[in-house]
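The values are calculated or read from the model by the stated rules, or taken from the named source; none is laboratory data. All values reported here derive from a predicted model rather than from experimental measurement. Cβ placement follows ideal geometry from the backbone for every residue including glycine, while neighbour counts extend to all protein chains displayed. We work out accessible area using only protein heavy atoms, side chains counted, and drop any ligands, DNA or RNA first. Shrake-Rupley method; radii C 1.70, N 1.55, O 1.52, S 1.80 Å.
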Amino acid sequence: MRSLIKPLRYFRQAGLGGLLVLSATLLLSGCVSLDSLNPFSSSAPKIKVNELPALDSKTELRSLWQASIGNAGSYSLAPAVVAGSVYAAAADGSLARFDEGRQVWRVATGRTISGGVGTDGKIVVVGTAKGEVLAFDAASGHESWKARVSSEVLAPPSLADGLVIVRSGDSRVAGLEAADGKRRWMYQRNVPALLLRSYASALNTGKLTYVGFPGGKLVALANSNGAAVWEATVATPKGATELERITDVMSAPVMEGNAVCAVAYQGRVACFDASSGNNLWSRDMSSIAGLDMDGKQLYVTDAKGVVHALDKESGASVWMLDKLVTRSPTRPLALGEIVVVADSQGLVHALRSDNGSFVGRAKTDGSAIRTDPVRSATGFVVQTVNGSVYGMAAH
């Protein structure tokens, strides 16, 4: 058992070097919280927000529909999208399905939902603060099964080919049968004494699941039995203190072709051969928000709030945008000719993918957008902290 330590809480604050110290708290887990540590927290220092430049050209970001689910509280609750259906959750236990903004069903789970939504279009799965995994029929909203994992669930479950991948707050990964919730396997590994609480989900591709871990590791797990197929190093911890050595992969890996890429806080961004784990390229970069990529480029929001475009084949810089550094931008979402990011002021931004210039902007309800924009058949979906859900498209 780990000895008692006094880890520090942090929040992501652009322009001040990423995660800054707020307060000390006594915990058994050795986790460093990003919930109360983020710029959306009422305890976070108020930072003057930069004015935004005028748009270079007009790309209309249009709201196709709007719905409401409920407040996310201190959690980061991402919606899930399959075909024309959007599934969203609130911290008070509400879970709903919306088809083009029309509510199809809504259930009150009676639990505190702490992890965003995962779905394969057949079942809808959420996690709770007490380590429960709840599954519901996607068509009707009726409860299908319940299961329990080792600790609170902060990351959205990932579903593919009859397997539900659940990452719990202690960095253990469980493979559950989608049919009944029975555990197929559990993967755990040694983690550093001090780690960041992470909302990073796993990337479930059907045969393999790719998971980023504290200490800068990326692991490919076999979905059949949970065995590690390969392990790669995204970043190596450096520094004299535990704080300096925090090098956690804080966002879900992404894949394009046979390349799987990940980025670590206080570390590097790196791409690997998805089959073997061989390193394709890497470069220094720190990120909490995460990354996305298309056929040509990889897009990263770094820990200061700068958005980068890197060449997918070499990692060379293509462009960078620093106009959002005080707005805590989300992970980028690559959508063809544009890249979408949202911010802590409730704005959604469209950037040109070839040069990073602003080409579109849209308002939501004014509360922070803490979760990643999610790709949909008609564009993308965003969910605000206050619980507004928007289906948007670029024109």
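For segment 307-327, the candidate set comprises residues that are open to solvent by 10 Å² or more (accessible area, probe 1.4 Å) and in contact (Cβ under 8 Å) with a residue 60 or more places away in the chain; within that set, the residue that is farthest from the chain's Cα centre (by Cα) is Lys323. Just a yes or no: is a residue in segment 177-189 more than 25 Å from Tyr87 (Cα to Cα), of a type in the set (A, V, I, L, M) and open to solvent by less than 20 Å² (accessible area, probe 1.4 Å)? Among the residues of segment 177-189, not one is more than 25 Å from Tyr87 (Cα to Cα), of a type in the set (A, V, I, L, M) and open to solvent by less than 20 Å² (accessible area, probe 1.4 Å), which makes the answer no. When segment 374-387 is filtered for residues that are within 19 Å of Ser198 (Cβ to Cβ) and either in contact with a Gly (Cβ under 7 Å, 6 or more places away or on another chain) or in a loop (DSSP other than H, G, I, E, B) (or both), only Val385 remains.
Of the residues making up segment 236-279, those that are free of Cβ contacts under 8 Å to residues at least 40 places away in the same chain, closer than 27 Å to Ala193 by Cβ and more than 19 Å from the chain's Cα centre (by Cα) are Thr236, Lys238, Gly239, Ala240, Thr241, Glu244. Residue count for segment 50-69, restricted to those that are open to solvent by 20 Å² or more (accessible area, probe 1.4 Å), aliphatic (A, V, I, L, M) and more than 19 Å from Arg331 (Cα to Cα): 3. Does at least one position in segment 328-340 carry a residue that is among the basic types (Lys, Arg) and buried (at least 23 other Cβ atoms within 10 Å of the Cβ)? Checking segment 328-340: at least one residue is among the basic types (Lys, Arg) and buried (at least 23 other Cβ atoms within 10 Å of the Cβ).
The number of residues in segment 70-115 that are open to solvent by 10 Å² or more (accessible area, probe 1.4 Å), in contact with a Leu (Cβ under 8 Å, 6 or more places away or on another chain) and closer than 23 Å to Ser251 by Cβ comes to 3.
Within segment 268-296, being assigned to a strand (DSSP E or B) and open to solvent by 30 Å² or more (accessible area, probe 1.4 Å) holds for Arg268, Asp273, Asn279, Leu280, Ser282, Arg283, Asp284. The condition (being open to solvent by less than 40 Å² (accessible area, probe 1.4 Å), of a type in the set (Gly, Ala, Ser) and under 26 Å from Asn71 (Cα atoms)) is satisfied by just one residue among Ser344, Ser353: Ser344. Glu231 satisfies every condition listed in (1) in a loop (DSSP other than H, G, I, E, B); (2) exposed (fewer than 15 other Cβ atoms within 10 Å of the Cβ) except (1). Cβ separations smaller than 7 Å between residues 6+ apart or across chains give the following pairs from segment 77-96 residues that are without any contact (Cβ under 8 Å) to a residue 24 or more places away in the chain to residues that are open to solvent by 10 Å² or more (accessible area, probe 1.4 Å) and among the aliphatic types (A, V, I, L, M): Gly93/Ala108.
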